[in-house]
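Reading through the structure tokens given below for one structure.
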Amino acid sequence: MLEELERIKAQAEQELAQATGLGDLEAWRLAYMGKKGAMTTALRSIGSLPAEERPAAGKMGNLVRVALEEAFQARQQALEQEAMNAELASGALDVHLPGRPQSIGHAHLLNETLAQVYEIMGRMGFQVFRSPEIEDDVTNFQMLNIPPHHPARDMWSTFYLTVPGLLLRTHTSPGQIHAMHRYNPEPFRVILPGKTYRYEQVTMRSEQTFHQVEGLAVGKDITMADLKGVLTNFARQMFGQERQLRFRASYFPFTEPGAEADIDCILCGGEGCPVCKYTGWLEILGSGMVHPVVLRNGGYDPEKYTGFAFGMGIERIAMLLYGITDIRYFFSGDVRFLRQFS
Amino acid sequence: MLVPLGWLKQYVTWDMPLDDLCDRLTYAGLEVGNVEHVGEEWDRETIWVAEVVSIRQHPDADRLVLVTLNYGADETIEVVTGAPNLHVGDTGQKVVFATVGSRLRDPYADTLQYKTLKKSKIRGVDSSGMVCSEKELGISEEHTGIIILPDDAPVGTPFADYYGDTVLDLDVTPNLARCFSMTGVARDAAALLGTTFHMPNDELLAEGPSIVGQADISIADPDLCPRYSAALIRSVKIGPSPDWMQRHLTLAGMRPINNIVDITNYVMLEMGQPLHAFDMRTVRPDVEGGVPTIIVRRAHEGEQMATLDGNEHTFDQDMLLITDGVGPVGIAGVMGGLDSEVTDDTTDVLLEAASFDFISVRRTSAMLRIPSEAAQRFGRGVDPELTLVTLRRAAELMRLYAAGTVAEGFIDVYPNPPETKVIDLPVSTIKRSLGIDLSAQEIADMLSPLGFGCEVTVRDEPTVLVTVPSFRLDVSIRADLAEEVARIYGYDALPTTLIADEMPRQERNLELETEQNLRNILVGIGLTEVLTYSMTNLESVAKLSPKAAPVDGEGYLRLANPLTREHEYMRQTLMNTSLEVVAKNLRFVDRVAIFEMGHVYLPREGAQLPDEPNLLSIALAGSREERSWLANASPDFDFYDLKGVVEALCQHLGVEDLRFEAAQRATYHPGRAATLSAGGQVLGTLGEVHPLVCRNFDIPDGQAVCLAEIDVAALAAQAQAASRFMPISRMPAVKQDLALVVDESVPADVIQRTIQQVAGPLLVEIVLFDVYRGAQVGAGKKSLAYSLAFQAPNKTLTSDQATRQRNRIVKQLQEQFGAEIRA
């Protein structure tokens, strides 16, 4: 009997090693371990042995059975592994092919740039305040200390409507008057954004419609030094921490003193290049202390309140930041332009 | 304004590199727009001011001479020239001599070319250099003779040092009217640089009989002409003005004409006061036998005159004229008349220096389209105190350079001289405005060099009493003085602080938040934002109806001065521009998915300003998916893509009770359009664009375009505040399918809402997964198949309980809609 068990074990192990598929494996299991399998039959026959042989044969039979079961499981695992490896190997993908295109949207670059301004100025307490694009001459000019026929009117070429006295705002500054009327008599800080219009031929560098954003702070203790501080803070976040700012005297009828601010050229760093016309500086905004007449027109007593204002063209800022050479792209609706920015 | 530095130096000195000078002026608001170096090409080593020592005939050529020159070197030099303005025997002329090796313009080349002068032999005579023409030096096109310099030209000086100059182009802002002159710039520059300012010489030798009784002047309209002064210069000899004056005028951008006209222009550029010279013969008396008379008055309607540029003008009664006893002789402050201009045989000159209302001059100059130098200055304001000073200056120059005899005295009509302005400037004003502490004395020291009279005193606090000089028409309040202090102190030197004032109250801006939300959602969905003009044309709007029926412009806001007819009316919809953008993009790309948020402009009954509602347009056209190897041919966007975008938008915003109703709109396909509403309010429309409308916009036939237009404020009004948290059940959900057949007329969304109402909160999910129309359900019917998921918050639903729910739904649908349930 013991020899018989040895023989079965040796043969079973040999056949198991030859099994190459899960079908072979199942056949082997039936042949040895099934109800009529060789091993099952051999174990069953141990009961019919003489009593003195039974313990040894029983013990041996058990060992062989366990050994074969373990061998089977090992072989099964190996074959399953092989099968999976083969399947994985056949399922390889070409990783060099492009991925499935996702439709990606793009906000308009000007609105992105405006949002950046809101974000930076918002941290300094400036809140967005909107006012109409169609204005009357009084609010767009006269309340801002620009009487009819004033020489300063040459600074703005104006679109007029056929309704007498109405025009397309030439700047966001009439928003100053609206904001003062809204907040009077509280101190306030606002950002006035939006579309503005100039009666100008459309060229690479000039548009009849463009966007401005203007800041206005009115309070009891606001100085030109604060204006410089706020603008420096703004410009460094907008154009880079290393930016240098310079302030120059300039003229806007609604400011006194008036100033323009330049940053050192973001392209050449001040060395001089075509973008900065070899001056090393880029003019980015106009600003100044709110003119007492304007404060008074807004209902604030200039003896008690001061304020500063600043304004800039968003197209110009975006053109500088992204190296855009033609202002006409912004209103072109050309998605090949718009999707370059996100 | 062009400022030749050689001229400016007569009134102010400086000792700093050019760049620093330009910076200092620019920082103080006198922006240097451009710097031109005149004579940069004249080499200082080879091109000299020289003097003719002697001239003899060339031995072998009749038309050539040999010129011996002294150019400051140890020895004289002899060169050959054919210049017709040098003759044998001449001596003493000052000329420009170029030595061998110098670089000059080639006068015979068609384009600008330079040649280097070589030693040469001309008809057997050695010539080491040449005398130059204006053309060879690039001064003018003159090449018939050589340039003859003034007698006082310094021999042996590099020509560039004598004749070259640097010209600054200053951008003069409206508040700097005083800087429209050399002395104005010089005074500011001196104050900025801390140097001294010199006024021009004001000596005058007047030897003729008094002007009184020789001419008569009156101002009929002093509101437009506060002052009129005149001088009389007799026996002038018209000829060219001196070379230095011509040189200055040319560098400053004016063309020399003759000595009298040049002197008026020169003094205008020097002092800022436009002058006008009348030929005394042409100024007629107002009464028989009277003296020449000037009357300043408003024009009679329709009155006419030819100006000295030869153009005939017709005036209205708001225009101010200079007239004589008979008719107009000039347009006040703008331009003189043709008939009274100084000509070659003029002998007696009546010289005008006046002050005019700047608004009147601006208006007249603009309406007649005469942007003269005089009008530019008067239109910004000219100091009325300048008249007599400039008359003295000009009359003396006419005496010196036109051999005139100046009549003694002036006529000066000045009915209401303005009062001198005095501003009290407490030191705290400067602190409040600029954020710097300055003492009254420091402030006075800054303002005085600019010409302000300053008296330091103490009132409630240390104060400077500032007397504003007459030429500072721009200064009237304390803030104006604060700017002057800042300019002198230096804007860059001001401290940089953050606002110390209390932070004002901060508020949310729901309108802006909604807009940014919408933008983020649409961009997230894959749409690209566009911006278009606010102006449009009615032809484009008309294209929104299939037959492009003309649109009535009544009811539209319209530009009085449109740049082009294309942009003449203020838009009332975004739809036409959206379709234009779609059409344009389809020429270049397969897939257009765009949106725009922008204002439209609607006139309002009884209100001055129009309404400017913000609209959102969405347009989809072309491939739903980007083309790739994975989807070579994607289906095009259709109505349901657009509806899906709108639904997603509303869902994100928390719009509840969203309803779509089939709608008829001219722009849309009659069977593929809907209105969008919520809370009983119509929010907008959406649909597939009518094929004929597409054709109107040049969109290719067969190309479907889906378009929506939504009122942003109406949409925002329906957006709910933050959603409430719904507990998530851990219990298993039971899924049941429900397929039913209903009449075509029963809307699917009504059925879905009914199912949700009947089932209540146990129904956690409902998906319409199949819609079938056809033979199996019969004509006029449709089959709708829903997948329903039931789930209780706190217990496991059995399939029986789910079935009971389903049966209740079925019963309701049968009763309400006659629905048949499919197996």
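The values are calculated or read from the model by the stated rules, or taken from the named source; none is laboratory data. Keep in mind that what you see is a predicted model, and the values were worked out from it rather than measured. No Cβ is skipped: glycine too gets one built from the backbone with ideal geometry, and neighbour counts run over all protein chains shown. The protein model used for the area step is the full one, side chains on, heavy atoms only, and it has no ligands, DNA or RNA in it. Shrake-Rupley method; radii C 1.70, N 1.55, O 1.52, S 1.80 Å.
Here are the numbers for the structure shown:
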{"quantity": "DSSP-loop trypsin sites (Lys or Arg not before Pro) across segment A:1-68, with at most 14 other Cβ within 10 angstrom", "calculated": "A:LYS35, A:LYS36"}
{"quantity": "Calculated FRET efficiency for the pair A:GLN11/A:SER45, C-beta based, R₀ 22 Å, to 0.05", "calculated": "0.85"}
{"quantity": "Residue pairs, from the table A:LYS195/B:LYS643; A:LYS195/B:LYS431; A:LYS35/A:LYS59, whose Cα atoms sit over 25 Å apart", "calculated": "A:LYS195/B:LYS643; A:LYS195/B:LYS431"}
{"quantity": "Point-to-point label distance, B:GLU507-B:ALA306, nm (Cα→Cβ direction, 7 Å offset)", "calculated": "6.7"}
{"quantity": "Cut-off 18 Å (backbone N to label point 7 Å along Cα→Cβ of B:ARG558), residues of segment A:146-171", "calculated": "A:159-168"}
{"quantity": "Cα-based shape type of segment B:397-520, given that a ≥ b ≥ c are square roots of the gyration tensor eigenvalues and the cut on a/c is 1.5", "calculated": "prolate"}
{"quantity": "Residues in segment B:796-823 that a label on B:SER729 would reach, taking backbone N under 14 Å of a point 7 Å out along Cα→Cβ", "calculated": "B:796-806"}
{"quantity": "In Hz, Karplus ³J(HN,Hα) per residue of segment A:326-341 (6.51, -1.76, 1.60; θ = phi - 60°; x = Gly, Pro)", "calculated": "9, 5, 5, 4, 4, 9, 6, x, 6, 5, 5, 7, 5, 7, 6, 10"}
{"quantity": "Point-charge dipole on Cβ atoms (K/R +1, D/E -1) for chain B, about Cα centre, debye to 20", "calculated": "4220"}
{"quantity": "Cα point-scatterer Debye curve for chain B, base-10 log of I(q)/I(0) at q = 0.07, 0.08, 0.09 Å⁻¹", "calculated": "-0.84, -0.94, -1.03"}
{"quantity": "Trypsin sites (Lys or Arg not before Pro) within segment B:346-389: DSSP coil, no more than 14 neighbouring Cβ in 10 Å", "calculated": "B:ARG369"}
{"quantity": "For segment B:480-535 versus segment B:229-244, the gap between their alpha-carbon centres in whole angstrom", "calculated": "59"}
{"quantity": "Dipole of chain B, positive end: most advanced residue of B:SER340, B:VAL65, B:GLY6 [Cβ charges, Cα centre]", "calculated": "B:GLY6"}
{"quantity": "DSSP beta bridge pairing in the protein assembly as shown, given as percent antiparallel to the nearest 5", "calculated": "95"}
{"quantity": "Within chain B, longest stretch clear of exposed chymotrypsin sites (Phe, Trp or Tyr not before Pro) (DSSP loop, no more than 12 other Cβ within 10 Å)", "calculated": "B:109-587"}
{"quantity": "Inter-centroid distance (Cα atoms) of segment B:746-768 relative to segment A:77-126, Å", "calculated": "36"}
{"quantity": "Å³ per residue enclosed by the Cα convex hull of segment A:60-154", "calculated": "278"}
{"quantity": "Qualifying GluC sites (Glu not before Pro) in segment B:45-80, DSSP loop, other Cβ atoms within 10 Å at most 11", "calculated": "B:GLU45, B:GLU75"}
{"quantity": "Cα gyration tensor, segment A:189-318 - rounded (a/c under 1.5), prolate or oblate", "calculated": "oblate"}
{"quantity": "Helix axis angle, B:259-271 relative to chain B longest principal axis, alpha carbon, degrees", "calculated": "60"}
{"quantity": "Per-residue ³J(HN,Hα) for segment B:64-70, Karplus 6.51 cos²θ - 1.76 cosθ + 1.60, θ = phi - 60°, Hz, x for Gly and Pro", "calculated": "10, 10, 10, 10, 9, 10, 10"}
{"quantity": "Charge dipole magnitude, Cβ of K and R +1, D and E -1 - the protein assembly as shown, Cα centre, debye nearest 20", "calculated": "5220"}
{"quantity": "Chain pair A, B: total accessible area buried, heavy atoms, 1.4 Å probe, Å²", "calculated": "7900"}
{"quantity": "Diffusion coefficient, µm² s⁻¹, Stokes-Einstein with Kirkwood Rh over alpha-carbon pairs of segment A:119-197 at 4 °C and 1.567 mPa s", "calculated": "96"}
{"quantity": "Segment A:295-306 - phi-based ³J(HN,Hα) in whole Hz, Karplus 6.51/-1.76/1.60, Gly and Pro as x", "calculated": "4, 5, 4, x, x, 9, 6, x, 6, 10, 10, 10"}
{"quantity": "Gyration tensor (alpha-carbon) shape descriptor, segment B:227-278, a/c threshold 1.5", "calculated": "oblate"}
{"quantity": "Which listed pairs, of B:LYS94/B:LYS237; A:LYS228/B:LYS421; B:LYS781/B:LYS811, have C-alpha distances above 22 Å, in listed order", "calculated": "B:LYS94/B:LYS237; A:LYS228/B:LYS421"}
{"quantity": "For the protein assembly as shown, accessible area per residue (1.4 Å probe, heavy atoms of protein chains only), Å²", "calculated": "45"}
{"quantity": "Helix-only [θ]222 nm of chain B, DSSP H runs n ≥ 4, -39500 (n - 2.57) each, per residue, nearest 500", "calculated": "-7500 deg cm²/dmol"}
{"quantity": "All lysines inside 22 Å of B:LYS118 as judged from Cα atoms, apart from same-chain residues fewer than 8 positions distant", "calculated": "B:LYS135"}
{"quantity": "Net +/- balance of residues flanking B:GLU483 in space, Cβ distance below 11 Å, scoring K and R +1, D and E -1", "calculated": "-2"}
{"quantity": "Where Rh is the Kirkwood radius over Cα pairs, Rg/Rh for segment B:718-823", "calculated": "1.03"}
{"quantity": "Those residues of segment B:579-617 for which accessible area with every protein chain present is at least 40 Å² below the isolated value (1.4 Å probe)", "calculated": "B:LYS584, B:ASN585, B:PHE588, B:VAL589, B:GLN608, B:LEU609, B:GLU612"}
{"quantity": "Solvent-free Debye scattering, log10 I(q)/I(0), computed from the Cα coordinates of the protein assembly as shown at q = 0.09 Å⁻¹", "calculated": "-1.21"}
{"quantity": "Euclidean distance between Cα centres, segment B:250-324 to segment B:599-632, Å", "calculated": "58"}
{"quantity": "Contact order relative to length of chain B, as percent, for alpha carbon pairs under 8 angstrom and 6 or more apart", "calculated": "8"}
{"quantity": "222 nm mean residue ellipticity, helices alone, for chain A (DSSP H n ≥ 4; -39,500 (n - 2.57); rounded to 500)", "calculated": "-12500 deg cm²/dmol"}
{"quantity": "B:ALA775-B:GLN814 FRET efficiency (beta carbon distance; Förster radius 22 Å; 0.05 resolution)", "calculated": "0.45"}
{"quantity": "Neighbourhood net charge (13 Å Cβ-Cβ; Lys/Arg +1, Asp/Glu -1) for B:GLU303", "calculated": "-2"}
{"quantity": "At 0.692 mPa s and 37 °C, Stokes diffusion of segment B:132-233 via Kirkwood alpha-carbon radius, µm² per second", "calculated": "168"}
{"quantity": "Spin-label model distance (nm) - B:THR347 vs B:GLN113, 7 Å beyond Cα toward Cβ", "calculated": "5.4"}
